[in-house]
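Shown next, in structure tokens, is the structure this report addresses.
The values are calculated or read from the model by the stated rules, or taken from the named source; none is laboratory data. All values reported here derive from a predicted model rather than from experimental measurement. Virtual Cβ from ideal backbone geometry, glycine too; neighbours counted across all protein chains shown. Ligands, DNA and RNA are excluded from the accessible area calculation, which covers all protein heavy atoms including side chains. Shrake-Rupley method; radii C 1.70, N 1.55, O 1.52, S 1.80 Å.
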Amino acid sequence: VGARIIASSSAPMQEDEDALRQRAIQRISDEPFSPGWSTDGTNRKNPFNVLGVSSGLELKAIRKEYLSLSKLLHPDKTSEPGAAEAQKEISTAFEMLKQKYEGEQQPAVAAAATAAGAAAASP
């Protein structure tokens with residue numbers, strides 16, 4: 001009896017996961033290429049839209065969404081048509097945003113270090 005309850009209670013979760021996966025694949029495949037995100041001459045999709053996040057989020061929140069999508073779309077988890085391509089798209093999108101966010105932090109870190117050094121040097 002216990003096994004039946006577990007099996008029947010996991011079926012709705014599986015359906016929800018399948019529906020989430022299908023919506024994510026559809027959203028990612030429907031996202032148009034955006035010339036503004038081309039860094040090396042190749043067409044890229046808007047990475048915020050690919051990951052389904054807003055541009056105001058911190059990298060930590062973006063990483064969390066990326067990891068949940070990655071788990072959902074991973075080839076070991078599904079053979080859903082389009083999942084492998086969607087997995088590649090989210091990986092590319094996350095790497096683009098990671099580089100963008102880390103690039104923005106470098107000048108701020110350098111400025112803070114310079115200010116700290118100047119404060120320590122003044123008598």
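Key figures
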read-out	value
Formal net charge of residues neighbouring GLU89 (Cβ-Cβ distance under 9 Å; K, R +1; D, E -1)	0
With every protein chain in place, segment 56-95: carbon and sulfur % of accessible area (1.4 Å)	53 percent
Net charge of neighbours whose Cβ lies under 14 Å from the Cβ of ARG63, counting Lys and Arg as +1 and Asp and Glu as -1	+1
In nm, spacing of pseudo-spin labels at HIS74 and GLU58 (7 Å Cα→C-beta vector)	2.6 nm
Contour excess over end-to-end distance, with Cα ends at SER29 and THR42 and 0.36 nm allotted per residue	3.0 nm
Amide H contacts under 5 Å for ARG44, placed H, 5+ residues apart	SER34, TRP37, SER38
